[in-house]
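Participant: Sending over a structure as structure tokens; questions will come in a sec.
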Amino acid sequence: MIAKQYLLTGIFWAVIGGLLSLLIRVQLGMPEMDLDWLEPVLGRWITDGRIDPEYYLSAVTMHGAIMMFMVLTAGLSGTFSNLLIPLQIGARDMASGFLNMLSYWFFFISSCFFLATLVVETGPPMGGWVVYPPLSVLPQAAPGSGMGMTLYILGFVTFIISILLAGLNYITTVINLRTVGMSFSRLPLTVWALFFTAILALFSFPVLLTSFLLLFFDRSFGTSFYLSDIYIAGEALAYSGGSPLIYQHLFWFLGHPEVYIIFLPALGITSEIISTCSRKPIFGYWFMVLAMLAIVFLSYVVWAHHMFTSGMDPFLGTVFTITTVIIAVPSAIKTFNYIATLWGGSIHFTPAMLFSIGLISFLMSGGLTGIIIGNSPLDIQLHDTYYIVAHFHLVMGALAFFGMFAGIYHWFPKMFGRMMNKKLGYIHFWITFIGTYLVFMPMHFIGMAGFPRRYYTFTAFQYMDRFNNLNLFITIASIITFAAQLIFLYNFFYSMYKGKKAPRNPWKSNTLEWTTEKVVPGHGNWEGSIPTVYRWPYDYSKPGAPDDFIPQNIPLMQTKDSNTEEENNILERQRL
């Protein structure tokens, strides 16, 4: 139930975030378009038939925050951690049902605060989703820096509490509640990914909490953690001794681990689906685990590559360039292992498999541009241009959304007992996949041409006029890609009630969630005893086996014809 609550809340926020992105793109691609017809809905957001410039900045701010945190952190991890961790490790429930419930309700309260920022009279924050000081500290700096910013901070504080409660629960569950035989070497890669994600969140989100608490103190109690020598309209304000760079260091210490908090669950989901739908064992299981472990450690030592333009010492910039390039290595290992798993497989092109393959393409295309902007001399030229926008939307946004879509299509039968429509899934994939590249690949070119991000319009810059048609093209592609998500929403909600009833194991998978007596498990997951695990989760197409899959709960005694020498040795030791 809690997994469904996270999923439905995440879908709600994805729609809101998507609509905000359309507002942004319409303004950039069709700046002369008359939007008077939206005024009854958006109110003060529309002025004289155009998006108000200050509310445009609010749209940019809230789009980023909603998509990164409400959808791709809580929506993605919250859904699949609650659904898969107990089922795949053979547990009746999470270690603490109370903490599980509490984590969702803190997320819900956070959602209410974020929703309130969209309708408060002074408007949402206008300083970008990173809400750098001094703009975010001083209520007089911009309309959105008043009550909207206060609600934004409260939303983040409650969100972080939710993430920390959930993370503690996930880690405790994986360590303590694994069924008999479920050693760490037999965990599905999905569980490994969610486990590492929880560890990442547990050590990085408290730093973000600190940054927001200090921000709140500066706003409310006159402290000067982030402010010094501030003048507004010629008047000196009573702040001294602080520095906005302190906020940047604290924020980005969470900011880059956050990329992998979003990134890892999608990769874990993809690992399971690619192996299942290729009918092959995952290539390099332990290399995949160690690659994720390396990502966890390295993600804490790359944060300052977001600050190359802050005036840091060039030597320090070189250090962070090196760590940034190194962190590309474990991601490359995962990419090569996915390709090796696909190679020679008997591939079943389900919608989930197509989205997983699409994810791999974003991992490669977005990862390559990451190496470029991880180099400090190049990043200084490209920083705050649309090249950066294109990069992180591909490698983080599109990649994570494709992982989320893959997981929904694959485990929809386990959540709702019905199958989603496969043909609609194919249509959804192809429009979304092609549309995503049509939106973000051209942004690399306008970024290299010098288009700065977060600008309200580019019509004031004559040298940018030659890109007007390209900007319009990106906007049209965005609208089409967003429209494709309506196909998904129809498929999702229609299939929930009217879809074809699902069999117990529709994908012929090996993991334990498909061994429950009911398609949609009730309280306690298994009505009888919890299954015992005898093997790893990727025994697909094993020579000598009558079927091309052997579930984890099948004893080695029953598969003598397909056992490896090591498995026969285990049997022999058990007899003795």
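Participant: Considering every residue within region 425-447, establish whether at least one is part of a helix (DSSP H, G or I), open to solvent by 50 Å² or more (accessible area, probe 1.4 Å) and either modelled with pLDDT under 95 or at positive phi (or both).
Facilitator: The answer is yes; a qualifying residue exists.
Participant: Continuing with the same structure: Pairs under 7 Å by beta carbon, first residue under 10 Å from PHE253 (Cβ atoms) in region 206-217, partner not aliphatic (A, V, I, L, M), six or more apart or different chains?
Facilitator: Close Cβ pairs (under 7 Å, with a partner that is not aliphatic (A, V, I, L, M)) amount to VAL207/PHE253; LEU208/PHE251; SER211/TYR247; SER211/PHE251.
Participant: So which residues in region 283-331 are outside any helix (DSSP H, G or I) and open to solvent by 10 Å² or more (accessible area, probe 1.4 Å)? Quick ask: steps written out before the conclusion?
Facilitator: Pass one, region 283-331, residues outside any helix (DSSP H, G or I): 283-284, 302, 311-313.
Passing the criteria: PHE283, GLY284, GLY311, MET312, ASP313.
Participant: Going by the structure shown, is ILE199 in contact (Cβ under 8 Å) with a residue 24 or more places away in the chain and either in the same structural domain as ILE66 (by the TED database) or under 18 Å from TYR300 (Cα atoms) (or both)? Outline the logic, then answer.
Facilitator: Numbers: in contact (Cβ under 8 Å) with a residue 24 or more places away in the chain: yes; either in the same structural domain as ILE66 (by the TED database) or under 18 Å from TYR300 (Cα atoms) (or both): yes.
Here the answer is yes, as ILE199 does meet what is asked.
Participant: Then there is this: Residues of region 20-37 being open to solvent by less than 30 Å² (accessible area, probe 1.4 Å) and without any contact (Cβ under 8 Å) to a residue 60 or more places away in the chain, which ones?
Facilitator: LEU20, LEU23, ILE24, LEU35
Participant: Return only the number of the condition from (1) assigned to a helix (DSSP H, G or I); (2) over 29 Å from VAL71 (Cβ atoms); (3) of a type in the set (D, E, K, R) that ASP229 does not satisfy.
Facilitator: (1)
Participant: For region 332-385, name all the residues that are open to solvent by 60 Å² or more (accessible area, probe 1.4 Å), among the small types (Gly, Ala, Ser) and over 26 Å from HIS428 (Cβ atoms).
Facilitator: Passing the criteria: only GLY344.
Participant: Can you list the helices (runs of 4 or more DSSP H) lying wholly within region 350-399 that have 1 or more residues being of a type outside the set (D, E, K, R) and under 21 Å from the mean Cα position of the chain (by Cα)? Full working, then the answer.
Facilitator: Values: elements: 351-373, 376-382, 386-392.
Output list reads 351-373, 386-392.
Participant: Within region 102-112, is there a residue that is open to solvent by less than 20 Å² (accessible area, probe 1.4 Å), assigned by the TED database to the domain that holds LEU57 and farther than 22 Å from THR61 by Cβ?
Facilitator: Yes, region 102-112 contains at least one residue that is open to solvent by less than 20 Å² (accessible area, probe 1.4 Å), assigned by the TED database to the domain that holds LEU57 and farther than 22 Å from THR61 by Cβ.
Participant: Could you give every pair whose Cβ atoms fall below 6 Å, whose first residue belongs to region 418-442 and is closer than 19 Å to ALA390 by Cβ, and whose second residue is open to solvent by 30 Å² or more (accessible area, probe 1.4 Å) and not aromatic (Phe, Trp, Tyr), counting only separations of at least 6 or pairs across chains?
Facilitator: These pairs meet every condition: GLY435/ILE480; PHE440/HIS393; PRO442/LEU470.
Participant: Restricting to region 492-522, name every residue that is more than 30 Å from ILE282 (Cα to Cα) and not in a loop (DSSP other than H, G, I, E, B).
Facilitator: Passing the criteria: PHE493, TYR494, SER495, MET496, TYR497, LYS498.
Participant: Considering each of GLY255, GLY268 in turn, give the residue that is at pLDDT below 90, open to solvent by less than 10 Å² (accessible area, probe 1.4 Å) and under 21 Å from the mean Cα position of the chain (by Cα).
Facilitator: GLY255
Participant: Regarding region 472-482, can at least one residue be identified that is over 23 Å from PHE405 (Cα atoms) and open to solvent by 30 Å² or more (accessible area, probe 1.4 Å)?
Facilitator: The answer is yes, given that some residue of region 472-482 is over 23 Å from PHE405 (Cα atoms) and open to solvent by 30 Å² or more (accessible area, probe 1.4 Å).
Participant: Another question about this same structure. Yes or no: GLY127 open to solvent by less than 10 Å² (accessible area, probe 1.4 Å), small (Gly, Ala, Ser) and either out of contact with any Asp or Glu (no Cβ under 8 Å at 6 or more places or on another chain) or in contact (Cβ under 8 Å) with a residue 60 or more places away in the chain (or both)?
Facilitator: Answer is no for this residue.
Participant: Would you mention how many residues in region 516-548 are in contact with a Ser or Thr (Cβ under 7 Å, 6 or more places away or on another chain) and either acidic (Asp, Glu) or assigned by the TED database to the domain that holds ILE89 (or both)?
Facilitator: 1
Participant: Can you name the residue in region 543-567 that is within 19 Å of THR532 (Cα to Cα) and part of a loop (DSSP other than H, G, I, E, B) and, of all such residues, is farthest from the chain's Cα centre (by Cα)?
Facilitator: Here the answer is LYS560.
Participant: State yes or no: is ILE66 within 16 Å of MET126 (Cβ to Cβ) and open to solvent by less than 20 Å² (accessible area, probe 1.4 Å)?
Facilitator: Details: within 16 Å of MET126 (Cβ to Cβ): yes; open to solvent by less than 20 Å² (accessible area, probe 1.4 Å): yes.
Yes: the conditions hold for ILE66.
The values are calculated or read from the model by the stated rules, or taken from the named source; none is laboratory data. Keep in mind the model is a prediction, meaning the values are calculated, not measured. Cβ coordinates were reconstructed from backbone atoms using ideal geometry, including for glycine residues, and neighbour counts include every protein chain displayed. Quick note on the areas: whole protein, heavy atoms, side chains included, nothing else; ligands and nucleic acids left out. Shrake-Rupley method; radii C 1.70, N 1.55, O 1.52, S 1.80 Å.
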